[in-house]
Amino acid sequence: MVRFTFLILLLSLISCGSSQDEKVASSIDRAQTYLSKGKCDEALKELNEARDLENAVYLQVLASAYACKGDVEIVNVITEIQNINTNNVFGELSKKSFAVSANLTQFNQLKKSLDVILSSTEVVSQDARDEQFGKRKGQDLGMQLLFYSVIQAAKFTNYFGNAANGKKGNHTGTNLCFLAYTTDVANLFNPNPLYTIPASNACQAAGDGHPDLDITTTSGRANACQGVIAINNVLDTLGSLDFGDSQELKVLKDISEKISTLKAILISIDPSLTYLFDVRNAGDCSELDDREIELFVFTFFEMGFE
């Protein structure tokens, strides 16, 4: 009788597990159908009916649903980045339709997409995703993260750079720089034997930052950290993904490699800060001091985008 009772219990557990798997699979399938029709809210509602945050496919579709809310479609992005001039990578990216935002709403929706993938492992890295989900699914998640990180960096550049026509400070706002620079990073605007900002750069003085990037405020600091996180996940995934022979992915790789070259600027200014490249989530970024955030933004966005 004990054995029989145990068998019934075991079968019940298996049945429940199978039923849950079926619910998740059905939820994913219906959500993808909604996404194919641009029905973002319906897709999110469907995915909330049966959640499985250990399922790589579920995570991909959930991230896609938030990206949909941010008006981001990977197929359109791939089309737009073909033949991009990577010698002026941030200037070119800032002009793309996926980079343009009238406000922070779309920027914050894409942040949710990134968070879905970034929170999928305890340690935020592509190696951890490969180990957690297996090489194939881990790489799929990583490629999606790379796309979203490049897009978020483009949105960051366009909105906080007050950009228009590929030029910083050329839109309707007043700022010519990303941050106000209140730490010793401001000294980089003075003649400096080690490093100085080129005269061709629109940003020529400290104190001229975007009002939504005031890192003395909680929201401004969180916004700045999104720029840090986007860049560092580009750097991490770039070195760990297999791009194969795809021409579409080659363009993405070229863009990422060009962004990666800006690491040399930060290292030339302060070689002790290489650990900043390991900051890949909001929690770790929030623990950085003002100088660390300022130097990172100065290196990649100020110097990378004129």
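The values are calculated or read from the model by the stated rules, or taken from the named source; none is laboratory data. Everything numeric here is computed off the predicted structure, so don't read it as measured data. Positions of Cβ are backbone-derived with ideal geometry, glycine not excepted, and every protein chain shown enters the neighbour counts. Calculation scope for accessible area: heavy atoms of the full protein, side chains included, ligands and nucleic acids excluded. Shrake-Rupley method; radii C 1.70, N 1.55, O 1.52, S 1.80 Å.
When ILE215 is tested against (1) more than 13 Å from PHE298 (Cα to Cα); (2) hydrophobic (A, V, I, L, M, F, W, C); (3) outside any loop (DSSP other than H, G, I, E, B), just one condition goes unmet, and that condition is (3).
Within segment 188-212, the set of residues being of a type in the set (A, V, I, L, M, F, W, C) and either exposed (fewer than 14 other Cβ atoms within 10 Å of the Cβ) or part of a helix (DSSP H, G or I) (or both) comprises LEU188, PHE189, LEU194, ALA199, ALA205. Just so you know, in segment 24-61 the residues that are surrounded by fewer than 20 Cβ atoms within 10 Å (Cβ to Cβ), of a type in the set (Val, Ile, Thr) and over 18 Å from VAL72 (Cα atoms) include one that is farthest from the chain's Cα centre (by Cα), and it is VAL24.
Go through PHE160, PHE107 for me and flag whichever is crowded, with 18+ Cβ neighbours inside 10 Å, among the hydrophobic types (A, V, I, L, M, F, W, C) and at pLDDT 95 or above. Talk me through it step by step, then tell me what you get.
Values: PHE107 fails: at pLDDT 95 or above.
One residue alone meets the criteria, PHE160.
Within the set of pairs 6+ apart or on separate chains, which have a first residue in segment 109-120 that is free of Cβ contacts under 8 Å to residues at least 24 places away in the same chain, a second that is of a type in the set (Lys, Arg) and open to solvent by less than 60 Å² (accessible area, probe 1.4 Å), and C-beta atoms under 9 Å apart? Partner pairs satisfying both residue conditions: none exist.
The C-beta contact set for segment 280-306 (first residue in contact (Cβ under 8 Å) with a residue 24 or more places away in the chain, second residue crowded, with 24+ Cβ neighbours inside 10 Å and of a type in the set (Ser, Thr, Tyr), distance under 9 angstrom, 6+ apart or interchain) comprises GLU294/TYR181; VAL297/TYR181; PHE298/TYR181; PHE301/THR157; GLU302/TYR181; GLY304/THR157; PHE305/SER94; PHE305/THR157. Among the residues of segment 146-169, the ones that are part of a helix (DSSP H, G or I) and either small (Gly, Ala, Ser) or farther than 18 Å from ASN76 by Cβ (or both) come to 7 in all. Residues of segment 112-139 that are among the charged types (D, E, K, R) and open to solvent by 60 Å² or more (accessible area, probe 1.4 Å): LYS112, GLU122, ASP127, GLU131, LYS135, ARG136, LYS137. Contact annotation: residue pairs with Cβ atoms under 6 Å, 6 or more positions apart or on different chains, pairing a residue in segment 71-84 that is of a type in the set (Asp, Glu) with a partner that is outside any helix (DSSP H, G or I), are GLU80/LYS96.
Please tell me if ARG221 is among the charged types (D, E, K, R), at negative phi and assigned to a loop (DSSP other than H, G, I, E, B). No; evaluated as a whole, the condition is false for this residue.
In segment 19-42, the residues that are β-branched (Val, Ile, Thr) never reach a residue that is at pLDDT 90 or above and open to solvent by 60 Å² or more (accessible area, probe 1.4 Å) with C-beta atoms less than 7 angstrom apart, at least six apart or across chains. Can you tell me which residue within segment 218-268, out of those that are in contact with a Gly (Cβ under 7 Å, 6 or more places away or on another chain) and hydroxyl-bearing (Ser, Thr, Tyr), is least open to solvent (accessible area, probe 1.4 Å)? Selected residue: THR237.
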